[in-house]
1. Only one of (1) without any contact (Cβ under 8 Å) to a residue 24 or more places away in the chain; (2) within 15 Å of the ligand (Cβ to nearest atom); (3) in contact with a strand residue (DSSP E or B) (Cβ under 9 Å, 6 or more places away or on another chain) fails for Glu34. Which number is that?
2. Could you tell me which of the residues Asp28, Asp8 is within 16 Å of the ligand (Cβ to nearest atom) and either surrounded by fewer than 22 Cβ atoms within 10 Å (Cβ to Cβ) or more than 21 Å from Ala80 (Cα to Cα) (or both)?
3. Among the numbered criteria (1) exposed (fewer than 15 other Cβ atoms within 10 Å of the Cβ); (2) at negative phi; (3) within 16 Å of the ligand (Cβ to nearest atom), which one does Leu108 miss?
4. Take the residues of the range 51-77 that are of a type in the set (Val, Ile, Thr) and within 13 Å of the ligand (Cβ to nearest atom): which is farthest from Ala13 (Cα to Cα)?
5. Does Ala40 satisfy the condition of being away from the ligand (no atom under 15 Å from the Cβ) and either within 30 Å of Ala156 (Cβ to Cβ) or in contact with a Leu (Cβ under 7 Å, 6 or more places away or on another chain) (or both)?
6. Out of the residues in the range 78-92 meeting the condition of being among the basic types (Lys, Arg) and away from the ligand (no atom under 12 Å from the Cβ), tell me which one is surrounded by the most Cβ atoms within 10 Å (Cβ to Cβ).
Amino acid sequence: MRILLVEDEPKMARAIRRGLEQEGHAVDVAADGEDGLSRALSGDYDAVVLDVMLPGRDGFSVCREMRAAGRWAPVVMLTARDAVDDRIRGLDAGADDYLVKPFAFGELLARLRALLRRGPLERPSVVVAGDVELDPAAHSVVRGGTRVELSAREFALLEFLLRRPGEVLSRERILEHVWDYSFGGSSNVVDVYVGYLRRKLEEPFGRPLIRTVRGVGYALDPTQLQAGE
Ligand code: CA
């Protein structure tokens with residue numbers, strides 16, 4: 001995912017950037033509100049981490065202008081203190097979530113994951129991989145022109161895989177993204193649901209879709225998808 005970080009404190013910016021990059025995100029950093037806003041408007045970001053207290057334009061204003069311009073990437077605001085006022089102002093400005101400084105980095109990651117999983121507020125775009133098309137807004141899946149009916153969980157699993165073509169995803173990571181955090185079940189449930197997807201999306205079409213990576217998890221292989229065409 002591509003994340004815009006708007007933070008004026010260099011140490012804080014470096015630490016957050018490093019942490020996000022270690023999680024595999026691409027991170028752009030803006031050190032003030034004006035730069036943050038212009039990047040948010042010109043770039044295509046999956047999420048924005050936005051400090052409230054910034055030189056020049058503050059975080060509330062950046063968020064408001066983004067929303068006014070139709071930019072719906074999820075925004076996590078970083079507030080300096082636990083002021084109810086700031087939280088309300090942030091949410092009023094169109095932020096999706098907020099974190100009070102100082103925060104544990106894991107908490108930021110968890111909030112971002114939740115937001116990224118939820119997707120943008122605007123009608124999300126159709127995801128296409130090979131001959132498979134998934135429309136999150138219409139909740140429809142089409143393979144090779146044929147509509148396939150999926151349950152909500154199957155749909156969420158397929159979307160997670162489709163959005164990361166070629167990436168090997170561990171059962172734990174899939175569980176964390178597709179099932180709730182509180183889900184206490186075993187990772188076998190992932191295997192079960194991959195089985196359901198294969199029955200619906202591979203068997204009737206005679207073409208592979210999801211590759212098993214022995215001892216690790218699963219990957220949706222774009223080359224396999226194309227091979228069927
Ligand atoms: Ca600041």
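1. (3)
2. Of the residues listed, the single one that is within 16 Å of the ligand (Cβ to nearest atom) and either surrounded by fewer than 22 Cβ atoms within 10 Å (Cβ to Cβ) or more than 21 Å from Ala80 (Cα to Cα) (or both) is Asp8.
3. Unmet condition: (1).
4. Here the answer is Val62.
5. yes
6. Among those residues, the one meeting the criterion is Arg89.
Each reported figure results from applying straightforward, stated rules to the coordinates on display, with no laboratory input. Everything numeric here is computed off the predicted structure, so don't read it as measured data. Cβ coordinates were reconstructed from backbone atoms using ideal geometry, including for glycine residues, and neighbour counts include every protein chain displayed.
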